[in-house]
Every structure is written in C-alpha cells, then in structure tokens.
Amino acid sequence: MSYAIIGAGNTGQAIAGYLSLQGEEVKLYSRDFRKADLISRKGLTLKGVYSGKVHLKASVDLKEVIDEAEFIIISTTAFGHRPIFNQLKPLIKANQTIVIFPGYWGAVECKEILGEEFEKKNITIAETSAMPFVSKADYNGNVSINKVKKNVQIGSISHSANTPISKKFLKTFPQLTPTKNVFETSINNTNVIIHTPIAIFNASRIDASEEFQFYPQGASQRTVSYIEKIDEERLRIAKILEIETQDTLTLLNDFYQSDYSSLYKALSGLFPKGNGPVSLDHRYLTEDIPFGLVPISELGKLAGVKTPYTDSIIQTASLLMERDFRKEGVDFKGLTREDVQALRGVIQ
C-alpha cells in the first residue's frame, strides 16, 4: 500500500516511521523545506516501542506527495485542516482515502469542502478519536514512540453507506476500532475534555512560564471534578442525539489497557511526567477549545442540553486571551437534528 502523510510534527513523523518499518511505501509532506530536506537526507530513527532506521521521501510539494497514494493521512493541528482540505480539493484522485488523526470534526468539514469531488471521485474520508501513538520527535531525525494506544475509534464517510474503511488499513493499524460514524469519533476525543480545564485553572503558572507537571501538579481533585462535569454534559448530548460514547475514564482505560477507579487517579497514574505549557498560546487552548469544546456546546444547543460548564471555559478563555474562540470554532451552522440522522445514515 502507498501512504501520503500530511504534517511532519510529532505524530506525522511517528506514523511515517512506523509505516516505513512495516515495509509500506511512504511519502511525507511538510511546509518546512529544511525539515523535509533533513528527513529526505537522513531518514528517521525510531526509538521506544518500535526501533530502527528508515528512509523515505519528504517534500514541500503536496501534489508530489499525494499523487500515487492510496491513503492520505492528515496529522496536522485542527486549525490546519481547512487549508489542507482546500489544497487537496483540486489534487485529489479517484478512489483515494483521506484519514484524519485525530478528527476534531474534520471529516464532516472535509466532505463539505470537497463538495462534488467527494462523490465524483469516490473519495472515502475517515477520522479517528485520538492519535495512534504517544510520540515525540526532536526534529533532527529522531522519533520516540513511547506508547501505542488501544481501541482508538475510527469512523468513515463515503458516498455509499456500504463502503467502510479499508480492511487493509485496519490491519496496518491494529489499535483502531471501527465505529458507526464520525460523530462518535469526534465526540469521543478525550483531549478536549481534559486539557483545557487544567490549562485554564493553571493559567497564571502557564502565563509566567512556570515549570510544573501538568497532570500530577496541575490536575487537582477540584479541577478533575470540573472535567467530569463537562464530561457529563457531553454524555447527555450524545444520548439525545443517539451518538454512542463512553465516559472519559472508560475511554482512557481502554486506550491504555488500565483499570483506574477514578479519573483523578488515572490522570496522574497514566501521565506521571510531562511539563505543562509555557505559554497560553498552546494547542490545549487554541485547538481544543474551537475544535473540541465549541462543537460540544453547539451540539448542546441542537440537542436542547444546557452546557454551563463547557460554556464557562469557552467564555473565560476567550476573555483571558482576547479572542473569540466561539467564532473561530466549529459551529455546525445550519445543522439540524434531521441532518445528524442523515449523516449518521451515510457514515460508517
């Protein structure tokens, strides 16, 4: 199989290295010429769960990277999705599959942007609920894959309700579990529930660039209780809209094959190390709010569910950072409950 990886950050490099180790044909796209040139010349050295040295082509030419790919994996930040989807639209070829790691509602957005090309070229769009690995790249050709997540959900959209994600793809990523639709994948993204409350309640530390351990020191019992309140809002919305989901503790235990009895114990136990951000201009806020919490709030309006805990975080962060996260975020403009049902009918 041939793969194009769009985005050469921590996850993009980890996926590219992993696939290359499996003997797959891989090309990697980066906007950074120096990064692309370094990877093309030096290759990638994988450490941790997987180890080895691989060589692959990296390029700043998107057309060159995706031209012969069967699968196009997008691993950019969520706010990079729309620009990439617009660039892909005139370049996409018949029968290609686009997979977004993780979704952040990107599959629905991608379908909207592709427009007629989606059906005309028989494109399949898929997204996951989380990253497949816990990884870190040093941007000098070294990638550490520290953990492989389990039971990461994947859903797909195709023009035919009977075209699920390729079995070949699922065999390559055995940690992926097919789910009914991409509403399930995006609403089961645990990052957005966990990251933002901890960041907001430690805003002074972060703004002062104070060093602290994000989960053991940042996630107090009261902070975790607030996270659980947001989680309850998410679960109520999902129930009314008939979207299958589980609470965040269950999702984390499934990801990491653990059996923690409380979310408070799980966060410090699963992530005992890891410094907090040193700036408020961080994806825990700039990505997880507009592409995570805002969609939950907007779906709450659709479902008739009040979301005071979610809304308060969005409002506080917007005022603190002097930007309108709700305006920046996914708003499902014009979406009705009937539209949700219709989408659930074509999403596999």
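The values are calculated or read from the model by the stated rules, or taken from the named source; none is laboratory data. Please read all numbers here as calculations on a predicted model, not as lab measurements. Positions of Cβ are backbone-derived with ideal geometry, glycine not excepted, and every protein chain shown enters the neighbour counts. Ligands, DNA and RNA are stripped out before the accessible areas are found, and what is left, the full protein with its side chains, is counted by its heavy atoms. Shrake-Rupley method; radii C 1.70, N 1.55, O 1.52, S 1.80 Å.
Summing Lys and Arg as +1 and Asp and Glu as -1 over all other residues whose Cβ lies under 12 Å from the Cβ of A78 gives a net charge of -3.
Think of a 1.4 Å ball rolled over the protein heavy atoms: the chain then has 44 Å² of accessible area per residue. Would segment 1-71 count as rounded, prolate or oblate if I go by the C-alpha gyration tensor, calling it rounded below 1.5 in a/c and otherwise prolate when a/b exceeds b/c, oblate otherwise? Because a/c hits 1.5 or more and a/b fails to exceed b/c, segment 1-71 counts as oblate. The apolar share of the surface of segment 1-72, taken as the fraction of accessible area on carbon and sulfur atoms (1.4 Å probe, ligands and nucleic acids excluded), comes to 45 percent.
Note on D331 and Y139: the model spin-label points, each 7 Å out from Cα along the C-beta direction, lie 3.4 nm apart.
Shown is the FRET efficiency for Q315 and S209, computed with R0 = 22 Å from the Cβ-Cβ distance and rounded to the nearest 0.05: 0.30.
The relative contact order of the chain, computed from alpha carbon pairs under 8 Å that lie at least 6 residues apart in sequence, is 15 percent. Specify whether the C-alpha gyration tensor of segment 76-118 places it in the rounded, prolate or oblate class, a ≥ b ≥ c being the square roots of the eigenvalues: rounded for a/c under 1.5, otherwise prolate if a/b is larger than b/c and oblate if not. It is prolate, given that a/c is not under 1.5 and a/b is the larger ratio. Would you work out which of S144, G17, I125 lies farthest towards the positive end of the dipole of segment 1-155, given +1 charges on the beta-carbon of Lys and Arg and -1 on that of Asp and Glu, about the Cα centre? The one lying farthest along the dipole's positive direction is S144.
With a ≥ b ≥ c taken as the square roots of the eigenvalues of the C-alpha gyration tensor of the chain, please select rounded if a/c is under 1.5 and otherwise prolate if a/b is larger than b/c or oblate if it is not? Judged from the Cα gyration tensor, the chain comes out oblate (a/c at least 1.5, b/c at or above a/b). Restricted to Cα atoms, segment 217-277 shows a radius of gyration and a Dmax of 12.8, 38 angstrom. If you take the alpha carbon atoms of segment 104-249 and fit the smallest convex hull around them, that volume is 166 Å³ per residue. Free of any GluC sites (Glu not before Pro) that DSSP assigns to a loop and that have at most 10 other C-beta atoms within 10 Å, the longest stretch within the chain is 1-210.
Between R283 and Q257, the C-beta separation translates, for a Förster distance of 35 Å, into a calculated FRET efficiency of about 0.85. Note on surface exposure: R222, R234 rank R222, R234 by accessible area, highest first, 1.4 Å probe. Computed over segment 1-160, the Cα gyration tensor eigenvalues convert (square root of 5λ each) into semi-axes of 25, 17, 13 Å, ordered from largest to smallest. Across the accessible surface of segment 238-332, with the other protein chains kept in place and a 1.4 Å probe, carbon and sulfur atoms take up 49 percent. The length gained by stretching the chain between K168 and K93 to full extension, at 0.36 nm per residue less their Cα-Cα distance, is 25.1 nm. Largest mean-square fluctuation among L241, L38, L176, in a Gaussian network model of the chain whose springs join Cα atoms under 10 Å apart, belongs to L38.
Residues L19, L170, sorted by accessible area with the largest first, give L170, L19 [1.4 Å probe; ligands and nucleic acids excluded]. In segment 1-139, the DSSP beta bridges split such that about 15 percent are antiparallel, to the nearest 5.
Look at the dipole of the chain built from charges on Cβ: of A36, G292, N191, the Cα furthest out on the positive end belongs to A36.
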